[in-house]
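Structure record follows, encoded as structure tokens.
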Amino acid sequence: TLSIKHDCCIFGIADNHVFTSKTAAGEVRSNTIAQAAVLLAMGIDPETSILYKHSSVVEHTALAWLLSTAATSGLMTRLSSMPQYREKSRIHDNLALLSYPVLMSADILLFHGTHIPVGEDQNIHLEFCNQLGQYFNTLHRTKIFHPVEKILTPSPRIKSLADPSVKMSKSYGKAIGCIGLLDPDVTIRKKVRKAVTDSLGALSREYKEGSRPGVDNLVYLMALLRSQSREEVLVEYEGENVGRLKDALAEELIGVIAPLREESNRLMKDAGYVCGVLDEGAQRARSIAQPNLREVYEIMGLK
């Protein structure tokens, strides 16, 4: 979340959200350290930005409960009818899964954020957040919450290598279709080689976009990694079999991921430093969250 008022970027590790599925405590701890290490390795500067875990800032869950009183059944039903919720609810049946968009909204609104980077599939969640904020404003005759603007990257949605009809995600789809930022080189090569394509033969710049989804996905990834257009990639691999594209894509991915993985692994070995960054970030986050939540309490008559 970008907060112009506080002139900083706020990066929160959403560890509260993992409990919509069954997760062991030890796994939560290790994954939190790993995620923080990756974010630091990617270049987040804890001096100029705030990096923390949500569970260390209790104002997240407090605001989520207060916002839930403004979340109408109609608003919640529209979200719960989405295919991804229906899919997840077959495996994990709990109230948290249904209500976590409210917690997600609280994560954003708590800091009066102005902009937030989202994937294309998260548009509906940001729309929900903005609607919920306005519902709260109307209910309590206030203007405390303002619409948050989305920031889309040049790659708003990365597709699964195993199923190009769904996004690349560990929690949605097959693990073999997801490239992890800590994956070893051999694993990256294996996943890319197993990527779903088709049996339509050699690559051609003449084929219509969308007619070969699996191949489109590989071309799209290669274009992103090289900062090229789809057409430039297809010209280079004109007449080549898909296997050559897969091999080249794997090496491009390794070239980007390997340095990041090495730095992340180095940081994970210094868990004390990473935890210190998260603890300091939590203190700074609470210094913003506490007065904002206090204002909500006052509006609702709780203070």
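The values are calculated or read from the model by the stated rules, or taken from the named source; none is laboratory data. Everything quoted here is computed from the prediction, not taken from an experiment. Using ideal geometry, Cβ is built from the backbone for each residue, glycine included, and neighbour counts are taken over all protein chains shown. Surface accessibility is based on the protein's heavy atoms, side chains included, excluding ligands, DNA and RNA. Shrake-Rupley method; radii C 1.70, N 1.55, O 1.52, S 1.80 Å.
Table for the structure above
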item	result
Mean residue ellipticity (222 nm) of the chain, computed from DSSP H runs ≥ 4 via -39,500 (n - 2.57), nearest 500	-17500 deg cm²/dmol
Cα centre as origin, Lys/Arg/Asp/Glu Cβ charges: region 139-209 dipole, Debye	240
Options SER55, PHE111, GLY201, ranked by Cα towards positive dipole end of the chain, top entry (Cβ charges)	SER55
DSSP bridge pairs, the chain: antiparallel proportion in percent, nearest 5	35
Region 9-76 and region 149-189: distance between their alpha carbon centers, rounded to Å	20
Most mobile of GLY210, GLY272, GLY113 in a GNM of the chain (Cα contacts under 10 Å)	GLY210
List TYR135, TYR273, TYR100, TYR237, ordered by accessible area with a 1.4 Å probe, largest first	TYR273, TYR135, TYR100, TYR237
Selected from LEU225, THR72, MET268, residue furthest toward positive end of dipole (the chain; charges at beta carbon)	THR72
Check: region 6-156 dipole with +1 on Lys, Arg Cβ and -1 on Asp, Glu Cβ, in debye	500
Where the chain is the region considered: accessible area per residue in Å², 1.4 Å probe	53
Student exercise, the chain dipole from Lys, Arg, Asp, Glu Cβ charges, in Debye to nearest 20	820
Amide H contacts of PHE11 (H built 1.01 Å from N, under 5 Å, at least 5 apart or other chain)	ILE50, LEU51, TYR52
Accessible area of the chain belonging to carbon and sulfur atoms, whole % at 1.4 Å probe	54
